[in-house]
1. For the stretch 238-271, name all the residues that are assigned to a loop (DSSP other than H, G, I, E, B), under 27 Å from A221 (Cα atoms) and of a type in the set (A, V, I, L, M).
2. Give me the residue from the stretch 136-169 that is out of contact with any strand residue (DSSP E or B) (no Cβ under 8 Å at 6 or more places or on another chain) and aliphatic (A, V, I, L, M) and, out of that set, nearest to L122 (Cα to Cα).
3. With respect to P145, determine if the residue is surrounded by fewer than 15 Cβ atoms within 10 Å (Cβ to Cβ), closer than 25 Å to I18 by Cα and over 18 Å from the mean Cα position of the chain (by Cα).
4. So, restricting to strands (runs of 3 or more DSSP E) that lie completely within the stretch 327-412, which ones have at least 1 residues that are within 16 Å of ligand 2 (Cβ to nearest atom) and closer than 16 Å to R195 by Cα?
5. Within the stretch 279-329, can you find the residues that are among the acidic types (D, E) and either modelled with pLDDT of 95 or more or under 12 Å from L242 (Cα atoms) (or both)?
6. Can you name every residue in the stretch 1-21 that is charged (D, E, K, R) and within 12 Å of ligand 2 (Cβ to nearest atom)?
7. Only one of A219, A240, A279 is of a type in the set (A, V, I, L, M) and closer than 18 Å to A341 by Cα. Can you tell me which?
8. What single numbered condition from (1) under 21 Å from the mean Cα position of the chain (by Cα); (2) among the basic types (K, R); (3) in a helix (DSSP H, G or I) fails to hold for R181?
Amino acid sequence: MAIILSINSGSSSVKVSIYKSAAQGHPPTQLADASISGLTAPPAQLTYERGSEEIKNQEVKGIRSNEDACEYILDHLVKDGGLSEIASRDDITHACHRVVHGGDYPAAHVIDEDTYHHLQDLTDLAPLHNASALAIVEACMKALPKAKNIAYFDSSFHSTMPKEIETYPIDPEIAKKNKLRKYGFHGISYAFITRSVAEFLKKPESETSIIALHLGSGASACAVKNGQSLDNSMGLTPLAGLPGATRSGDVDPSLIFHFTHDAGKPSPGSTKELHISTAEEILNKKSGWKALAGTTDFGTISSSSDPRCKLAFDILVDRILGFIGSYYVKLEGKVDALVFAGGIGEKAALLRKRILEKCRCLGFEVDDEKNDKAIEDVVQDIGKEARHRTLVCQTDEQFEMARQCAVGLQTK
Ligand SMILES: Nc1ncnc2c1ncn2[C@@H]1O[C@H](COP(=O)(O)OP(=O)(O)O)[C@@H](O)[C@H]1O
Ligand SMILES: CC(=O)OP(=O)(O)O
Ligand SMILES: [Mg+2]
């Protein structure tokens with residue numbers, strides 16, 4: 001039996017789901033779910049679910065970093081008498097880590113000394129995303145000596161993007177030397193979405209083409225052609241494309257030099273090991289909904305009559321429409337479904353309605369009654385009989401990593 005931890009280390013939270021898999025090739029079943037949130041706004045809070053047992057937003061003291069949070073969760077799992085599968089840390093056989101930037105890795109990778117150093121080198125390309133995940137990888141390598149650590153990359157799913165889509169029109173030599181190209185992200189989620197939608201439509205994945213929207217605190221769009229990524233709105237880093245909770249998304253690249261004269265200087269958040277420029281700090285952490293509407297919660301934005309919230313809402317609708325139009329043409333109209341996912345995609349019915357009203361010209365038609373219902377299934381239909389389907393998918397990055405781990409499980 002394999003006991004798999006799936007770890008999603010974010011900018012303000014660490015989420016860990018625990019699964020067991022009976023034997024090689026068996027799909028995982030979830031045993032428990034733990035998360036510590038509020039890492040950037042202490043006190044941190046623990047949420048834990050195992051069967052009907054539940055702890056909600058319990059304050060935990062002394063948690064200062066993602067590693068602290070992970071250590072706390074490991075302790076909690078071992079001490080939970082009801083979780084008989086984990087009596088000691090040695091019972092954990094696999095730790096799956098979501099690493100956002102995987103550079104040229106086209107697939108998940110077991111983390112050994114070499115991989116670890118290669119991932120450290122990539123941190124310079126995506127300091128805001130990779131650093132906290134790597135800190136946890138290092139902590140798990142020490143804390144779980146019996147477990148195999150495996151990195152799953154957000155970028156891997158997009159390794160099928162054609163040259164003309166992944167190449168930036170800049171000096172090719174410098175681009176090659178500095179690894180400057182479009183990578184694309186949220187790929188663990190898009191892998192889950194593509195497989196789940198294909199199952200829902202009863203089609204082979206290799207014949208399924210969709211436009212998918214992963215709308216969470218980071219947001220992106222993806223064109224999937226015959227089961228493979230054709231294009232993603234994110235770029236060299238997750239900053240490109242759609243705006244997010246604290247990210248600007250696409251702006252004129254020269255804007256930042258007019259915004260501040262300090263753009264190229266190290267940000268106050270930089271350390272000796274980790275270099276973050278003021279430009280990166282502003283566009284990644286001090287923009288988006290936070291800057292426009294004073295909140296990072298899109299639930300508040302969609303239900304507020306405050307003109308600042310209304311503008312933020314309209315901007316997201318506009319930018320999403322731009323990608324839907326572009327991807328519809330790139331897929332030559334051969335689209336099985338438009339799929340909404342992520343916290344916002346799953347919960348913001350009004351946003352879906354506004355977007356779908358504008359997409360009627362392409363053959364998508366919202367069914368208001370279905371759209372207003374809570375989303376309970378993994379994939380749910382919200383469209384009327386029309387040329388194309390419209391769906392919502394409850395994406396699950398932790399499950400996708402555990403599934404890939406269980407399916408390809410190596411026991412050595
Ligand atoms: N009722 C709601 N309506 C619209 N958006 C919501 C609602 N509830 C939560 N959200 C949004 O969902 C986001 C979280 O989405 P999620 O995919 O879980 O994010 P993350 O990228 O942090 O994993 C929140 O930041 C919030 O903006
Ligand atoms: C890639 C990315 O933006 O991830 P997240 O939405 O979790 O920040
Ligand atoms: Mg996310």
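The values are calculated or read from the model by the stated rules, or taken from the named source; none is laboratory data. These numbers were taken from a predicted model, which means no experiment stands behind them. Cβ atoms come from the backbone with ideal geometry, glycine included; neighbour counts cover every protein chain shown.
1. Our first condition is that a residue be assigned to a loop (DSSP other than H, G, I, E, B); within the stretch 238-271, this holds for 238-254, 260-265, 267-271.
Next, only the ones that are under 27 Å from A221 (Cα atoms) stay: 238-254.
The answer is L239, A240, L242, A245, V251.
2. A139
3. When the stated conditions are applied, P145 passes them.
4. Values: elements: 337-341, 379-381, 389-393.
By residue number, 337-341, 389-393.
5. Going through the stretch 279-329, the residues among the acidic types (D, E) turn out to be 280-281, 297, 306, 314, 318.
D306, D314, D318 - these are the residues of the stretch 279-329 that are among the acidic types (D, E) and either modelled with pLDDT of 95 or more or under 12 Å from L242 (Cα atoms) (or both).
6. Step one: list which residues in the stretch 1-21 are charged (D, E, K, R), which gives 15, 20.
Listed by number, the list holds a single entry, K15.
7. Going through A219, A240, A279 in turn, the sole match is A219.
8. Condition (3) is where R181 drops out.
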